[in-house]
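Participant: Submitted below is the structure of interest, expressed as structure tokens.
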Amino acid sequence: MIEKLNTPIYVTQPALPPLEEFTELLKQIWDNKILTNNGPFHRQFENELAEYLGVKYISVFTNGTLALMTALQALRITGEVITTPFSFVATTHSLWWNNIKPVFADIDPDYFNLDPEKVEAAITPQTTAIMPVHVYGNPCKLEVFQRIADTYGLKLIYDAAHAFGVKVNGESVLNFGDLSILSFHATKVFNTIEGGAIICHDEKTKQRIDYLKNFGFADETTVIAPGINAKMNELQAAYGLLQLKYVDGNIGKRKAIADIYRVHLQDVPGIRCLPDIEGVNHAYSYFPVLVDSSGYGRTRDEIYEELKRHNIFGRRYFYPLISQFPTYRGLSSSRPDNLPIATKIAEQVICLPIYPELSFDIVKSISEIISSYQNPSK
Ligand SMILES: *Cc1c(COP(=O)(O)O)cnc(C)c1O
């Protein structure tokens, strides 16, 4: 019997840079009095981020949602966009805020990313773009999506909010598609408290994105579009520069935790963990497990409640599906019979705690609770 923990364990806990290092940078800001508007830390952060990630052009934002909304503006996306119901709501909300109709397609059963075949089947004359998500940081079928986009003349915008630092055969996933979006929210692998970015592949697009995130100003008196205010401030950029020094170590700790879960859960009937993919550098942003109640003898929600009784708070990412929220459930593509795999996975998934400071002993206890709670006789 595992005791209830004294302090609650949540699905994540943000990693912060050393306070002394941050106060040093704050002193510089207090001296130069530059707080925002593409200041020195903002410029340095973009340069160092691009280098770290292995991308050509990056523009940092107030948050990932404004980056998504601005990406759609930058490419003048209209009409219908095909996307996944198995994501955080902001993916679809960014379409809604741009007056674009979201069209949901089903996901693949292995890694829960948008299924390219289902996307192709959902294309209409109104379709202008595809917006897949690298769910949990596992890369989408990059070449297949590009081929579909090229064949039908569609733009391809990846929501890469979970895929910070993820590489496929040494190449950043962020270099695929027309644009990719990152989130640096407190709950993500790499945080700037709140923050986000758009990655693009040419200087002119970067220029347009930079205008759009600053009200559309091209110079003091020229406004080229109804832009928004989505600039990252100097305090966050300075904080982000420090985070870059520690992110590799943090991802290493996440990997060690994922390995412990996998070893301890591999023989539990009805419990499935997602294996690493060969040739991929993972970021271990989440640790999802799937609960098949016919093998495990209890449901995902029962595990969720059992963990809560031990003061451990997993999260059912992504349940409910985006297509089930009131704003979207009236769309014809939201019908569960159009999304059978997403519907099933949303019922089975729970994300277990994973963050750099989580102790290995607690990871083992969580695994033990799940293992001893099985009820195969049922
Ligand atoms: C976190 C997240 C976002 C939103 O990013 P914010 O920085 O919180 O605005 C968008 N899409 C996905 C898939 C996310 O996980």
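Participant: Could you tell me the convex hull volume per residue, in Å³, taken over the Cα atoms of the chain? Let's see the in-between values first.
Facilitator: Details: hull volume 53.2 nm³, N = 378.
Value for the chain: 141 Å³ per residue.
Participant: In the structure displayed, which of LYS101/LYS308; LYS213/LYS255; LYS4/LYS188; LYS188/LYS231; LYS33/LYS167 lie more than 30 Å apart, Cα to Cα?
Facilitator: From the list (LYS101/LYS308; LYS213/LYS255; LYS4/LYS188; LYS188/LYS231; LYS33/LYS167), the Cα-Cα distance tops 30 Å for LYS101/LYS308; LYS213/LYS255; LYS33/LYS167.
Participant: Could you pull out every residue, at least 5 positions away or on a different chain, whose amide H is within less than 5 Å of the one on ASN113? Hs are placed 1.01 Å off N in the peptide plane, and Pro or chain starts have none.
Facilitator: The list, which skips near neighbours in sequence, is ASP108.
Participant: Still on this model: Can you work out the FRET efficiency for the pair GLU48 and THR23, with r the C-beta to C-beta distance and R0 = 22 Å, to the nearest 0.05? Present the calculation step by step, with values, prior to reporting the outcome.
Facilitator: Details: r = 20 Å, r/R0 = 0.91.
Between GLU48 and THR23 the formula returns 0.65.
Participant: Just name one of LEU75, LEU95, TYR286: the one whose Cα is farthest towards the positive end of the charge dipole of the chain (beta-carbon charges, Lys/Arg +1, Asp/Glu -1).
Facilitator: LEU95
Participant: Follow-up. Identify the residues of region 334-348 with backbone N under 18 Å of a label point that sits 7 angstrom from the Cα of GLU305 along the Cα-to-Cβ direction, or state none.
Facilitator: So the set is 347-348.
Participant: Quick check for me: using +1 on Lys/Arg Cβ and -1 on Asp/Glu Cβ, what's the dipole size of region 247-373 about its Cα centre, in debye to the nearest 20? Could you put the intermediate results ahead of the total?
Facilitator: Details: 15 positive and 15 negative charges, 69 e Å.
Here region 247-373 has a charge dipole of around 340 debye.
Participant: Testing the spin-label approximation: label points 7 Å from Cα along Cα→Cβ at ILE193 and GLN324. State their distance in nm.
Facilitator: It is 3.5 nm.
Participant: Above 22 angstrom, tally the Cα pairs of region 247-373 and express them as a % of all pairs, no decimals. Could you put the intermediate results ahead of the total?
Facilitator: Values: 3293 of 8001 pairs.
The proportion of pairs with Cα distances above 22 Å equals 41 percent.
Participant: Could you derive backbone 3J(HN,Hα) for region 358-368 from the dihedral phi with the Karplus parameters 6.51, -1.76 and 1.60 (θ = phi - 60°), listing whole Hz in sequence and x where the residue is Gly or Pro?
Facilitator: With the stated coefficients, region 358-368 comes to 5, 6, 4, 4, 5, 4, 5, 4, 4, 4, 5 Hz.
Where a number appears in this text, it was derived from the coordinates with a stated rule and is not lab data. Predicted model, so just to flag it, every value in this text is computed and none were measured. Backbone-built Cβ (ideal geometry, glycine too); neighbour counts: all protein chains shown.
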